[in-house]
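> Take this structure first; my questions come after.
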Amino acid sequence: MAGHHERRPSGHPLPAGEPTPERYATAAGHLNVSRRGKLHGPVDAAPAELALERRVVGSGGTFPASLLVLRESGLIGPAWHFRHDATRRTPGCGTAYGSR
């Protein structure tokens, strides 16, 4: 059985080529996660350092709600995962994107 990281939606522009900061910022619209409905946040600092800006088209109020929106759209959004080592679980960040 394929792992969740191996699933690639057909037709989405993000996985179609070399992963770069520019492609992340511009491949598709973004969905932010904010209980207050903010469209921009800390995740925008890294692209800004490279003179890039995400096109945020909406905000999900909770992380689980945002995953439901991402699943049914062609948007890009945050995906949290945990890396395990012998002593602790450490949070990491990835990218989730929809299939439409």
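> Please identify the trypsin sites (Lys or Arg not before Pro) of segment 29-70 that satisfy two criteria: DSSP loop assignment and at most 15 other Cβ atoms within 10 Å. Which are they?
ARG35, ARG36, LYS38, ARG55
> Add +1 for every Lys or Arg and -1 for every Asp or Glu among the other residues with Cβ under 13 Å from the Cβ of GLU22, and state the total.
0
> Taking amide H positions as placed 1.01 Å from N in the peptide plane, with prolines and chain starts having none, which residues 5 or more places from VAL33, or on another chain, fall under 5 Å of its amide H?
Close amide H contacts, sequence-distant or interchain: GLY60.
> Are there any GluC sites (Glu not before Pro) in segment 41-77 that are in a DSSP loop and have at most 14 other Cβ atoms within 10 Å? List them by number.
Passing both the DSSP loop test and the Cβ count: GLU53, GLU72.
> Can you put LEU68, LEU75 in order, fewest other beta carbons within 10 Å first?
LEU68, LEU75
Every number in this text was worked out from the coordinates using simple rules, so none of it is lab data. Just so it is clear, the structure is predicted and the values come from calculations on it, not from any experiment. For neighbour counting, all protein chains shown are included, and Cβ atoms are generated from backbone atoms with ideal geometry for every residue, glycine included.
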